[in-house]
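Structure first, commentary second.
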2 protein chains.
Amino acid sequence: MTQKFNSRVYITLRPSVLDTAGTAVMSGLQQLGYQGVENVRIGKYIEVTLSAENQADADKQLDKMCDQLLANPVIENYAFELSPVEE
Amino acid sequence: MTQKFNSRVYITLRPSVLDTAGTAVMSGLQQLGYQGVENVRIGKYIEVTLSAENQADADKQLDKMCDQLLANPVIENYAFELSPVEE
């Protein structure tokens, strides 16, 4: 029997990688009058619904998905949260 | 005196809006052999560092930033978490 899981994946640029889009958004915010903004970093937020044997299996699959397709491990870090869907 | 805050902003497409990029990523994952993947939705994750008078002020500013620049309220929802930076 398989179980369904919701997961939230957060992908961020590694701190050493220059975030030009983030810098542009920061200037935009400052020009709109938000003088308090000091830094902006832009990443991706991905929601994945998947079915798996159990939580450990879902965790393992998701980690591989991030590594293979969702994130670029050369320049990005990823983290995710996984929770079973109540049915 | 101002205080510094870290915030994490999550921007997601409204459920009624078709997510073509998400659908493409879902097919990609299925072709890689992840048959359990049932749905993928792609959003943005933005980290903003800002200084403000207090938490309520930071909250108010961030809500306006999302509405004015970070998200497109016509097709996107946003949510954020705010925490003071320990110094």
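Points worth noting:
- Any hit, the range A:64-78, residues being over 21 Å from B:GLY33 (Cβ atoms) and of a type outside the set (Val, Ile, Thr): yes
- Residue pairs meeting the criteria (Cβ under 8 Å; at least 6 apart or on separate chains; first under 21 Å from B:ILE46 (Cβ atoms), in the range B:12-26; second part of a loop (DSSP other than H, G, I, E, B)): B:LEU13/B:ASP19; B:LEU13/B:ILE75; B:ARG14/B:ILE75; B:VAL17/B:ILE75
- Total residues in the range B:65-87, condition within 12 Å of chain A (Cβ to nearest Cβ), within 20 Å of A:SER27 (Cβ to Cβ) and in a loop (DSSP other than H, G, I, E, B): 1
- Unique match (being surrounded by fewer than 20 Cβ atoms within 10 Å (Cβ to Cβ), of a type outside the set (Lys, Arg) and at the interface with chain A (Cβ under 8 Å from one of its Cβ atoms)) among B:GLU38, B:GLU53: B:GLU38
- Filtered by the rule that a residue be assigned to a loop (DSSP other than H, G, I, E, B) and among the charged types (D, E, K, R), the range A:5-60 gives A:ARG14, A:ASP19, A:GLU53.
- Conditions (1) at the interface with chain A (Cβ under 8 Å from one of its Cβ atoms); (2) in contact (Cβ under 8 Å) with a residue 12 or more places away in the chain: number failed by B:LEU62: (1)
- Screening the range A:56-83 for residues that are open to solvent by less than 50 Å² (accessible area, probe 1.4 Å) and of a type in the set (Asp, Glu) and picking the one that is farthest from A:LEU18 (Cα to Cα) gives A:ASP57.
- Filter pass, B:VAL17 being more than 10 Å from chain A (Cβ to nearest Cβ) and open to solvent by less than 40 Å² (accessible area, probe 1.4 Å): yes
- The range B:20-32, subset open to solvent by 50 Å² or more (accessible area, probe 1.4 Å) and more than 20 Å from B:ALA71 (Cβ to Cβ), residue nearest to the other protein chains (Cβ to nearest Cβ): B:LEU32
The values are calculated or read from the model by the stated rules, or taken from the named source; none is laboratory data. Treat the numbers as computed from the prediction; the structure is a model and nothing was measured. Glycine gets a Cβ as well: all are built from the backbone with ideal geometry, and neighbour counts include every protein chain shown. Each accessible area value is taken on the protein alone, full model and side chains, heavy atoms only, with ligands, DNA and RNA left out. Shrake-Rupley method; radii C 1.70, N 1.55, O 1.52, S 1.80 Å.
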